[in-house]
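Asker: Quick one: the structure is below, questions incoming.
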Amino acid sequence: MCAQHNNGGLSVDLWWQTSVKGLFAAGECAGTHGVARPGGSALNAGQAGSFRAAQYICERGNALIPENEFVEIAKASECKHLEICRSIIGRDDNIEKIISESQRRMSDCAAAIRDEREMKSLLDYTYGLLTSLPEIAGTDNNIGMASYYKLRDILCTSCAVLASMLDSCSRSDATRGSSLYHDKGGYLRQGLEEIFRFSPSKKTEYNKIIQTYLWKERFICESRAVRPIPRDDDFFEN
């Protein structure tokens, strides 16, 4: 439920292109709706996003890079993690265990009911796992490359989501819709546990979008204004 309703995704421009030139995110994998996500928007996002991306590619598509140039670019950008995993094949027991534990922790601390202290603790812990990932892989010569990258992706995503949630928690409008942020100075309905104490949203942040970036191995957040829907174009959303 958290992944479905956190109203987030990759940041895109009006052509649904990400910050990586030539990489488009069409559909709900893009964060285009903000907190006031309308019901049934998945179909619209998929249709509008793919159509806009196709328009852009048709008009401004890049020429193919010659094969020999592509090989050199690929070699130059080869990730250090690939070197770690180059000779590692076989069982994935250790990695799968860490993946399962990471998913369990996210469900416990960052699902519908959230506590700032618990999320901070989990973020520090997950950063630690991410930093020590080469050592984790190095202790088991049976880890497959695919599982290694799967775990790394899950840890990176967890850090990004937790950083975004903590940024949201620092604002006055944290609790809304699908998520409740514990507020010790907030309202507690009779008969419920302390963790359900919260302050309702004042909707002062509804005109902003939180953007999260990876910078020097840490995720940082900033907000920007919601972009208005153009009125002089054939936007599907109109």
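Asker: Relative to the present Cα-Cα distance, how much length would full extension add between GLN190 and LEU214 at 0.36 nm per residue of separation?
Answerer: Extra length available between GLN190 and LEU214 comes to 4.5 nm.
Asker: Which far-off residues, 5 or more places away or on another chain, put their amide H under 5 Å from the one on LYS208, with H placed in the peptide plane?
Answerer: For LYS208, whose amide H was placed from the backbone, the distant partners under 5 Å are VAL226.
Asker: Still on this structure: Report, by chain and number, residues whose modeled amide H sits under 5 Å from the one on LEU180, excluding near sequence neighbours (fewer than 5 apart, same chain).
Answerer: Amide H neighbours of LEU180: ILE113, ARG114.
Asker: Let me ask you something else. Roll a 1.4 Å probe over the protein chains and send me the accessible area per residue for segment 154-210 in Å².
Answerer: Value for segment 154-210: 56 Å² per residue.
Asker: Still on this structure, please answer the following. My understanding is that a pair violates if its Cα-Cα distance is over 31 Å; which of LYS75/LYS150; LYS21/LYS216; LYS150/LYS184; LYS120/LYS203; LYS150/LYS203; LYS21/LYS208 do that in this structure?
Answerer: LYS150/LYS184; LYS150/LYS203
Asker: Step through the residues of segment 56-61 one at a time and calculate ³J(HN,Hα) from phi using the Karplus curve (6.51 cos²θ - 1.76 cosθ + 1.60, θ = phi - 60°), rounding each to whole Hz and writing x for Gly and Pro.
Answerer: Running phi through 6.51 cos²θ - 1.76 cosθ + 1.60 with θ = phi - 60° gives 5, 5, 5, 8, 10, x Hz.
Asker: Next up: Roughly what would the spin-label model give for THR18 and ASN207, points 7 Å off Cα along C-beta, in nm?
Answerer: Here the answer is 3.1 nm between the modelled labels.
Asker: Sticking with this one: Check SER223: other-chain or 5+ apart residues with amide H under 5 Å from its amide H, H built from backbone geometry?
Answerer: For SER223, whose amide H was placed from the backbone, the distant partners under 5 Å are GLN211.
The values are calculated or read from the model by the stated rules, or taken from the named source; none is laboratory data. These numbers were taken from a predicted model, which means no experiment stands behind them. Cβ sites come from the backbone with ideal geometry, for glycine too, and all protein chains shown count toward neighbours. These area figures cover heavy atoms from the full protein model, side chains too; ligands, DNA and RNA do not enter into them. Shrake-Rupley method; radii C 1.70, N 1.55, O 1.52, S 1.80 Å.
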